[in-house]
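As structure tokens, the structure follows; a few thoughts come after it.
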Amino acid sequence: MKQFIFFLFLLMPVFPAWSQQPELAIAAKSFILTDFHSNQTLAESNPHERLDPASLTKLMTAYVVFSALKQERIKPDQIVPVSKKAWRTAGSRMFIEPNKQVTVDELIHGVIVQSGNDACVALAELIAGSEDLLAHMMNEEAKRLGMHNTHFTNSTGLTHPDHYSTAYDLALLAAAIIRDFPEYYPLYSLREYTYNGITQQNRNRLLWTDPNVDGMKTGWTEAAGYCLVTSAKRDHRRLISVVMGTASPNARSIESQRLLNYGFQFFDTAHPYKKDQPVANVQIWKGAQNKLKVGFDQDIYFSLPKGKVDGLKARMEYRQPLVAPINRGQEVGMVKFILDGQEIATYPLVALETVDTANFFGRAWDNLKMLFN
């Protein structure tokens, strides 16, 4: 069987080696900055160190609640009974009461905007029957999302020796919320919420100071220090930052802002190919048609240093002969993306259509042609 290599140059020319990015010192025990679309890390320090996540835990609490809503196991206008345990939960509260009606939607606002521990427990008891069982569900979701250095013992973030996460894992979780629940993500941009006659402001100060910031969650305990997960969108780009263990509320805002500014200033997000976009028509043998549209089964994104986007190129490689039948989504080759002479990523090339086998005469004719190729 012969192999033929077909080269497709996407973007020209290729620039010299990448320039050294400026050093970035962030006053936190751990931090990470990621590009939401490319999933690439732009800056980090101790990103896999297990630390107390404090109320950043509530990102996973909300993720499980959003899943229950999507699966229609609960409804936004559903009335939730408030147990004495939920009512008496320590820490930040939205001030729910056992004898006062509260809905799922109100509790979600209480979790996200007011960081209410009482709201977390009430939702945990509704969805799982107990907070311990919800923590089990949270851990299962963490495993599924690839949060390998995370373990939850509660829904609130109250300190416990077996309750921990990492900056890397929390960035994964933040991205999952934005990706999986776009209908609920706007809740993270709300600056305040009123329940039971009490108005509380969102503790994420960047919602006031940076128009690009539209989420996500603050956290604090004595063990954790001041923490913040932030997401910001500028034009077509979205960045996610996580800082853990800063010294003050002001410090977590300042350090998060510095991370976001660094990402927007020194990097670009390239989007060379869209999902299901045909990138070539390749020869196919013994098929009902002789050309096959090929492309990608996902959007292709890259985070590149400023000024490097035009130097990105792609090399497409596929095996010949490609013989029908070919099913849509079937891998037929690969594309290697190259920048400054270095291969930076490889993605599978897939069929964008199904091609059935030709009739007897078509197959016979292609058999003859293949003898001479």
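A few points about this structure:
- Looking across 207, 170, 259, one residue alone is under 15 Å from residue 58 (Cβ atoms), among the hydrophobic types (A, V, I, L, M, F, W, C) and under 23 Å from the mean Cα position of the chain (by Cα). It is 170.
So that you can scan it fast, the table gives a plain yes or no per residue for (1) in contact (Cβ under 8 Å) with a residue 60 or more places away in the chain; (2) surrounded by fewer than 22 Cβ atoms within 10 Å (Cβ to Cβ):
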site	(1), (2)
194	no, yes
214	no, yes
223	yes, yes
229	yes, no
235	no, yes
241	yes, no
247	yes, yes
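- Close contacts from the range 261-277, counting a first residue that is among the small types (Gly, Ala, Ser) and a second that is in a helix (DSSP H, G or I), with Cβ to Cβ under 7 Å and a gap of 6+ residues or different chains, come to 270/309.
- Index of the failed condition, residue 170 passing every other in (1) within 23 Å of residue 70 (Cβ to Cβ); (2) surrounded by 22 or more Cβ atoms within 10 Å (Cβ to Cβ); (3) touching a Phe, Trp or Tyr at 6+ places or on another chain (Cβ under 7 Å): (3)
- Matching residues in the range 155-203 - criterion: being among the small types (Gly, Ala, Ser), touching a helix residue (DSSP H, G or I) at 6+ places or on another chain (Cβ under 9 Å) and farther than 16 Å from residue 228 by Cα: 155, 176
- Lone unmet requirement of (1) β-branched (Val, Ile, Thr); (2) open to solvent by 20 Å² or more (accessible area, probe 1.4 Å); (3) in a loop (DSSP other than H, G, I, E, B) for residue 127: (3)
- The residues in the range 213-253 that are in contact with a Phe, Trp or Tyr (Cβ under 8 Å, 6 or more places away or on another chain) and not in a strand (DSSP E or B) can be counted, and the count is 5.
- In the range 102-117, the residue that is surrounded by the fewest Cβ atoms within 10 Å (Cβ to Cβ) out of those that are touching a Leu at 6+ places or on another chain (Cβ under 9 Å) and in a loop (DSSP other than H, G, I, E, B) is 113.
Residue-wise test of (1) assigned to a strand (DSSP E or B); (2) in contact with a Leu (Cβ under 7 Å, 6 or more places away or on another chain); (3) of a type in the set (A, V, I, L, M); (4) open to solvent by less than 20 Å² (accessible area, probe 1.4 Å).
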| position | (1), (2), (3), (4) |
| --- | --- |
| 294 | yes, yes, yes, yes |
| 302 | yes, yes, no, yes |
| 307 | no, no, no, no |
| 310 | no, yes, no, no |
| 314 | yes, yes, yes, yes |
| 321 | no, no, no, no |
| 335 | yes, yes, yes, yes |
| 343 | yes, no, no, no |
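- Boolean, residue 281 is free of Cβ contacts under 8 Å to residues at least 12 places away in the same chain and among the polar types (S, T, N, Q): no
- One residue from 99, 204, 149 being surrounded by fewer than 19 Cβ atoms within 10 Å (Cβ to Cβ), polar (S, T, N, Q), at pLDDT 95 or above and part of a loop (DSSP other than H, G, I, E, B): 149
- Inter-residue pairs, beta-carbon under 8 Å, first in contact (Cβ under 8 Å) with a residue 12 or more places away in the chain and in the range 337-352, second loosely packed, with under 15 Cβ neighbours inside 10 Å and of a type in the set (Val, Ile, Thr), 6+ apart: 337/344; 337/346; 338/344
Per-residue answers, yes or no, for (1) basic (Lys, Arg); (2) more than 17 Å from residue 185 (Cβ to Cβ); (3) touching a residue at least 40 places away in the same chain (Cβ under 8 Å):
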| position | (1), (2), (3) |
| --- | --- |
| 71 | no, yes, no |
| 76 | no, no, no |
| 84 | yes, yes, no |
| 126 | no, yes, yes |
| 141 | no, no, yes |
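The values are calculated or read from the model by the stated rules, or taken from the named source; none is laboratory data. Please read all numbers here as calculations on a predicted model, not as lab measurements. All Cβ positions, even for glycine, are placed from backbone atoms using ideal geometry, and neighbour counts span all protein chains on display. When the accessible area is computed, the model is the full protein with side chains, heavy atoms only, and any ligands, DNA or RNA have been set aside. Shrake-Rupley method; radii C 1.70, N 1.55, O 1.52, S 1.80 Å.
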